[in-house]
Amino acid sequence: MMDKKTHDDTNHQGKGSPSISRREFTLGIVGSCAVLALGCGATFAPRSALNRPPGGQDETHLLSACIHCEKCREVCPQNAIAPAHLEDGIMCMRTPRMDFKAGWCNFCEDVEGGPRCIAACPTLALHGDNITPQNTVIGVARLVPEWCLAVRGTGCHSCVDACPYGALSLDEDHIPVVDETICNGCGACEYSCISLRTGIITEGETDRAITVHPLEVR
Amino acid sequence: MRKLKSTRARFLVMLAFVAICAIGFFTRGGIGNVCAVGWDTITLACPLGAILSMIAQRTAIPQALISVIVVLAICLLLGRVFCSWLCPVHFMTNPKGRKQRQRPIDRAPVLKRARTLRFDTRYAILLAAIGSTLILGFPVFCLMCPIGITFALVLLVMRLFVFGETTWTIILFLGVLIAEVVLLPHWCNRLCPLGALYSLFSAGNKTLLPTVDESSCLETAKGIKCGACQRACHVDINLHDITKSHATLSECTKCRACAEVCPASAITFPFLPKKKEASQGAASNSGKPIFTEQESSPTILSGTKEGE
Ligand code: SF4
Ligand code: SF4
Ligand code: SF4
Ligand code: SF4
Ligand code: SF4
């Protein structure tokens with residue numbers, strides 16, 4: 001109420017001396033330091049390398065530009081993008097990563113104007129002209145033989161059939177081999193791999209037998 | 001406190017906004033969310049995110065720059081409408097209404113002159129958001145922004161139910177949100193850098209300002225100590241004398257609470273300030289105009305900057 005005066009701290013300033021109270025000043029300083037401290041903490045927290053959508057291969061650039069709007073994830077016609085989580089590092093939270101369990105990336109070859117994710121990104125965190133499956137490398141596929149059904153003589157070749165770029169072939173033992181010079185990490189093989197979905201799962205198998213890994217050197 | 005009709009209307013508008021974004025999560029249209037809302041490749045990015053991203057990249061990005069300019073134009077025309085009509089955090093920070101507030105009207109710092117803009121702690125956080133991005137090279141504030149986190153939580157909870165995707169992020173975001181909007185007092189009025197940016201952008205807003213009709217207002221016409229409008233205002237604007245106010249008109253979020261509580265229905269939001277009032281000293285019982293000609297430009301005065 002207007003007439004109920006409660007002078008209990010420094011908040012009320014004398015007439016004509018417009019300055020903020022000590023409490024407000026402290027709040028401003030503490031708040032600002034908190035923002036900076038959390039930022040530093042996030043920068044130095046460990047983070048894992050992730051498969052990024054096309055045009056997001058420069059990790060430093062992606063992290064500096066991405067505002068976590070998730071538009072790229074939304075527009076991907078292949079449903080291949082998912083948000084990264086705390087488990088991937090604080091800095092990476094809500095940034096786009098490839099989820100080859102849910103879809104694989106065809107680099108939007110069938111879409112006019114190229115990759116939808118790049119077109120939708122408002123901050124150019126994903127960027128690049130003339131992105132093609134040939135000039136872009138998301139990561140590289142790797143086979144874990146202990147988990148692969150073909151190694152156990154089941155005659156499985158789902159991944160080989162799935163690879164649109166001919167990077168997978170069967171060797172003389174009918175085991176899939178990745179040609180790393182051709183593989184662009186599109187994830188079709190991982191998406192199609194049935195090793196975790198059949199009755200014969202190896203003990204200790206935590207992932208599909210063929211998975212895409214980000215390149216070591218960026 | 002009884003729920004105002006305008007509060008309900010605003011709440012529904014905000015819910016509709018969240019719902020549209022939630023539907024967008026499962027479409028391929030690219031509706032996005034509060035961080036960048038739009039359709040397909042047309043996007044209106046959050047002005048703070050856009051600015052921070054450009055600072056981090058040290059270049060101008062067309063889409064981001066356009067977003068900032070469009071938001072600036074909206075603020076010039078409508079003021080800080082985002083805060084009370086679209087922002088979910090606004091509704092989380094004031095759950096108990098007026099009672100929880102801590103800025104008694106009679107303890108507002110008294111200013112020598114009416115100002116277009118007044119610096120408060122929110123601007124310190126805004127500077128920290130910009131500074132940390134300059135130093136660390138990524139949009140630091142976006143990591144902890146409660147508004148973005150609210151939308152992220154909606155998505156994560158939906159992903160949890162649809163895909164069974166579990167992650168610690170949900171727990172962390174819930175914790176951050178609780179810390180920021182429940183434990184920290186008055187996020188909106190004291191800390192939110194996005195709110196500060198909107199206030200800054202709204203400094204030149206001259207349309208749809210809340211205006212008191214002095215001939216019907218109980219205080220000015222009958223001398224009754226009413227003060228209902230100021231008590232209803234969630235940013236503590238004193239419409240009668242802006243010099244005795246915690247906030248300037250650039251902080252008005254057009255929530256319409258003041259107009260609704262006024263027993264004499266004396267408050268309106270005319271599209272343009274009335275000529276007569278402008279020359280007589282608009283709606284001010286101390287004879288001081290809320291805005292004078294010189295001050296109508298969005299000049300930034302340093303009076304209440306921290307450290308003084
Ligand atoms: S290029 Fe197309 S398919 Fe690949 S991640 Fe981007 S939107 Fe999805
Ligand atoms: S669209 Fe761009 S800014 Fe938005 S989440 Fe994807 S990469 Fe980040
Ligand atoms: S091996 Fe797998 S990731 Fe590599 S190109 Fe073929 S399908 Fe794509
Ligand atoms: S001040 Fe910030 S949190 Fe509050 S309503 Fe405005 S944008 Fe939302
Ligand atoms: S002046 Fe009126 S419309 Fe503006 S924020 Fe205060 S109560 Fe809402």
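Observations, loosely collected:
- Panel note: the C-alpha atoms of segment B:1-101, placed on their principal axes, show extents of 48, 31, 24 Å (largest first).
- Between A:Ile194, A:Ile29, A:Ile182, the Gaussian network model of chain A with springs among Cα atoms under 10 angstrom shows the greatest mean-square fluctuation at A:Ile29.
- Solvent-accessible surface of segment B:2-203, taken per residue with a 1.4 Å probe and all protein chains present: 40 Å².
- Interface residues in segment A:105-131 - accessible area drops by 40 Å² or more relative to the isolated chain, probe 1.4 Å: A:Arg116, A:Pro122, A:Thr123
- Choice from A:Phe44, A:Phe25, A:Phe107 showing the highest fluctuation, given a GNM over chain A with Cα pairs closer than 10 Å: A:Phe25
- Fraction of accessible area attributable to carbon and sulfur, segment A:89-218 (%, probe 1.4 Å): 53
- Comparing Cα centroids, segment B:125-172 and segment A:82-112 end up 16 angstrom apart.
- Helix A:22-44 axis, angle to chain A major axis (alpha carbon atoms, nearest 10°): 10
- Surface exposure of chain A, expressed per residue as accessible area with a 1.4 Å probe, stands at 47 Å².
- Here segment B:2-203 has 75 percent of its accessible surface on carbon and sulfur atoms, given a 1.4 Å probe and all protein chains in place.
- Among A:Gly128, A:Cys69, A:Pro46 the positive-end extreme of the charge dipole of segment A:45-135 (Cβ point charges): A:Pro46
- Protein accessible area in segment B:207-273, 1.4 Å probe - carbon and sulfur %: 57
- The charge dipole of segment A:105-172, taken about its Cα centre with unit charges on the Cβ of Lys, Arg, Asp and Glu (plus for the first two, minus for the last two), comes to roughly 220 debye.
- Proximity of backbone amide H atoms, modeled 1.01 Å from N, is registered between A:Asp99 and A:Ile81, A:Ala82 at under 5 Å, excluding neighbours fewer than 5 places apart on the same chain.
- Scaled radius of gyration (Cα, divided by 2.2 N^0.38 Å) that chain A gives: 1.49
- Tail fraction, Cα-Cα pairs, segment A:137-218, threshold 21 Å, whole percent: 22
- Net charge of Cβ neighbours under 9 Å - reference A:Pro53; Lys, Arg +1; Asp, Glu -1: +3
- Interface area, A with B, accessible, probe 1.4 Å, both sides summed, Å² nearest 100: 5800
- Selected from A:Glu109, A:Glu59, A:Glu24 as most flexible by GNM, with chain A as the system and alpha-carbon contacts under 10 Å: A:Glu24
- If you take all other residues with their beta carbon under 13 Å from the beta carbon of B:Ala16, and give Lys and Arg +1 and Asp and Glu -1, the sum is +2.
The values are calculated or read from the model by the stated rules, or taken from the named source; none is laboratory data. Computed from a prediction, not measured in an experiment: that's the story for all the values here. Don't worry about glycine lacking a Cβ; one is built from the backbone with ideal geometry, like all the others, and counts go over all protein chains shown. These area figures cover heavy atoms from the full protein model, side chains too; ligands, DNA and RNA do not enter into them. Shrake-Rupley method; radii C 1.70, N 1.55, O 1.52, S 1.80 Å.
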